[in-house]
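Derivation of every value follows stated rules applied to the coordinates shown; laboratory data play no part. On a predicted model such as this, the values are computed, not experimentally measured, just so you know. No Cβ is skipped: glycine too gets one built from the backbone with ideal geometry, and neighbour counts run over all protein chains shown.
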Amino acid sequence: MDKAIKLIIACEAFKGELEVFKDSIQVNIQWIEQALHNVPDKLHIKVQEKIQEAETYLNPGDIVLLFLGNCGGSLKGISSKTLTLVHPNVDDCIPVILGSMERFKAIQAERIGTFYLNKNWIDAGEDPLSSSRKYIETYGEKKGWKVSKLMYKNYTHFTLIDNGCYALEKYRLHVHEACEKFGKTYSEEKGDLKFVGAILNRQCEMVTILPGSQNDVSKQKYQSRKAFFPEN
């Protein structure tokens, strides 16, 4: 890991991946609840709170790695009065877990209707099957299923990412069950940890936010994990 980095603020979606690099990570990791990616405004506030907290114990000019994607434009306007902030120039966590932006784009070109899943998202209840159970509890069986199926109607594949960080058998069963209930095709994609390593070593395209300036990175250009609806 780049020794200039003094703190990592990371989304819990990357817990398994960063655990693989634990021997090289010599700094503290402040975790952000991954469910917040669905509410970008709250995610923005939480990240800013973590940064302001870090300003109280890090030295002016110290580098903080934001191990996050710019989900929903949540990193736009992020700033620090005293610290230098860096984060990967990605709009979502999917390319990082798959191993590259090129890999993500290739899969999207082949199957645009892909909803991606990994262990951490399923553990956090951020998946179609878990979401449907919440809707059923809230609205009842009939309406809950109607809402759930509408949310995911334009997806064709539920795709589990396997980048070798954890045992996946029970997660395969979970996603297979979701596919059966929603009428989707099950698929798996091999992920790669090289993007994670590149971020930790600042050897990929990064956004740098100097002390006293604001992040002007634009809102995400795609919504790879959100339920989406037809335009008409």
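Structural remarks
- Within straight-line cross-link reach of residue 42, aspartates and glutamates at Cα separation under 13 Å, skipping those fewer than 8 residues along the same chain: 33
- For the range 1-87, applying the loop criterion from DSSP together with a ceiling of 13 other beta carbons within 10 Å to the trypsin sites (Lys or Arg not before Pro) yields 3, 22, 81.
- Within-12-Å neighbourhood charge of residue 133 [Cβ basis; K, R +1; D, E -1]: -2
- Taken about its Cα centre, the range 95-190 carries a charge dipole of about 400 debye when Lys and Arg each add +1 at the Cβ and Asp and Glu each add -1 at the Cβ.
- The angle between the Cα long axis of helix 101-110 and the main principal axis of the chain comes to about 20°, on a 0 to 90 degree scale.
- R0 of 35 Å, Cβ-Cβ distance residue 48-residue 137: FRET efficiency to nearest 0.05: 0.60
- Where trypsin sites (Lys or Arg not before Pro) fall in DSSP loop in the range 135-221, at most 13 other Cβ within 10 Å: 219, 221
- Legend: residue pairs 105/146; 46/184; 170/190; 46/190, Cα-Cα distance threshold 24 Å; pairs beyond threshold, 105/146; 46/184; 46/190.
- Dividing the summed -39500 (n - 2.57) terms of all DSSP H runs of n ≥ 4 by the residue count of the chain sets its mean residue ellipticity at 222 nm at -10500 deg cm²/dmol.
- Expressed to the nearest 5 percent, the antiparallel share of DSSP beta bridges inside the chain is 20 percent.
- Entry for the range 95-190 at q = 0.17, 0.20, 0.24 Å⁻¹: log10 I(q)/I(0) = -0.75, -0.99, -1.28, Debye formula applied to identical alpha-carbon scatterers, no solvent contribution.
- Within the range 1-103, chymotrypsin sites (Phe, Trp or Tyr not before Pro) in DSSP loop having at most 12 other beta-carbon neighbours inside 10 Å: 57
- Shape call, the chain: gyration tensor on alpha carbons, a/c limit 1.5: prolate
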